[in-house]
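The values are calculated or read from the model by the stated rules, or taken from the named source; none is laboratory data. Keep in mind it's a predicted model, so treat the numbers as computed, not measured. FYI the Cβ positions are ideal-geometry reconstructions off the backbone, even for glycines, and counts take in every protein chain you see.
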Amino acid sequence: MALISTVSPEKAEGSIKEAYEMFMKNIGMIPKPMELMSASPALFDIQLQRIRYFSKHPTLSFPLLAHIRYLVAHNLNYAFCMDFNKHVLKKQGIGDEDIRKMETDPSKSLLEENESAMLAFVVKAVKAPGSVTADDVKKLKDLGWEDKDMVDALSQGVSMIDHSIMMQAFQIDQNCMIG
């Protein structure tokens, strides 16, 4: 049982209710991290803004963002986001064997070369922030990425850390009821 109270769909009001309805319509469930964030309506709204920002991102594709979330969650053993994003990857036609290869070596993803490089960069930066070099950044720039893209992609990855810690600390059920 969770250590904190969150807003249930039945008691949701305002922006939380609107977001819950959007999630149910679009993905058939309310993501557990959003349920957690409902305990703090202001942070819930900030997280919702982040989701909307990334859903319309001009350069970071939906598949790239799903790969980032999956691999970072996998490295953190963050059950909900790992299961949820694995489901998203499978919906994109990626098989279990390809997912296993990518877990070992992010550059082996089925993404385009520039996206695969960005994915590998984010995973490296999350695992060992001090290991990022000027050459890593130059490689991404040579593939057409801008500073903003790198910051946004890494932000997407590191956001898994705060949710993972909060889900564990507040003992939120991480069972993913999808797929």
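Which is loosely packed, with under 12 Cβ neighbours inside 10 Å and either in contact (Cβ under 8 Å) with a residue 60 or more places away in the chain or among the acidic types (Asp, Glu) (or both), of 142, 152?
Working: 152 fails: loosely packed, with under 12 Cβ neighbours inside 10 Å.
Step by step, each of 142, 152 is checked, and only 142 is loosely packed, with under 12 Cβ neighbours inside 10 Å and either in contact (Cβ under 8 Å) with a residue 60 or more places away in the chain or among the acidic types (Asp, Glu) (or both).
If the Cβ limit is 9 Å and pairs must be 6+ apart or interchain, which residue in segment 157-177 that is under 13 Å from residue 79 (Cα atoms) pairs with which residue that is modelled with pLDDT of 90 or more and in a loop (DSSP other than H, G, I, E, B)?
171/3; 171/4; 172/3; 172/4; 172/6
For segment 147-176, enumerate the residues that are among the small types (Gly, Ala, Ser) and either touching a Phe, Trp or Tyr at 6+ places or on another chain (Cβ under 7 Å) or outside any helix (DSSP H, G or I) (or both). Before the answer, list the steps.
Initially, segment 147-176 is screened for residues among the small types (Gly, Ala, Ser), giving 153, 155, 157, 159, 164, 169.
Residue satisfying the conditions is 164 alone.
Could you run through segment 103-135 and say how many residues are in contact with a Lys or Arg (Cβ under 7 Å, 6 or more places away or on another chain) and at pLDDT 95 or above?
3
Suppose we keep only residues that are touching a residue at least 24 places away in the same chain (Cβ under 8 Å) and basic (Lys, Arg) within segment 48-85. Which one would you say is farthest from residue 17 (Cα to Cα)?
If we take residues in segment 48-85 being touching a residue at least 24 places away in the same chain (Cβ under 8 Å) and basic (Lys, Arg), then 69 is farthest from residue 17 (Cα to Cα).
Can you report the number of residues in segment 108-131 which are within 16 Å of residue 145 (Cα to Cα) and surrounded by fewer than 18 Cβ atoms within 10 Å (Cβ to Cβ)?
Qualifying residue count for the region: 3.
If a residue has to be closer than 23 Å to residue 88 by Cα and of a type in the set (Asp, Glu) to count, how many in segment 19-53 make the cut?
Residues flagged as closer than 23 Å to residue 88 by Cα and of a type in the set (Asp, Glu) within segment 19-53 amount to 2.
Kindly provide the set of residues from segment 121-146 that are of a type in the set (Ser, Thr, Tyr) and outside any helix (DSSP H, G or I), ordered by number.
Result: 133, single match.
From the residues in segment 35-58 that are hydroxyl-bearing (Ser, Thr, Tyr) and within 16 Å of the chain's Cα centre (by Cα), which one is surrounded by the fewest Cβ atoms within 10 Å (Cβ to Cβ)? Steps first, answer last, please.
Residues of segment 35-58 that are hydroxyl-bearing (Ser, Thr, Tyr), as a first pass: 38, 40, 53, 55.
Next, only the ones that are within 16 Å of the chain's Cα centre (by Cα) stay: 53, 55.
Details: 53: 12, 55: 10.
Restricting to residues being hydroxyl-bearing (Ser, Thr, Tyr) and within 16 Å of the chain's Cα centre (by Cα), the top hit is 55.
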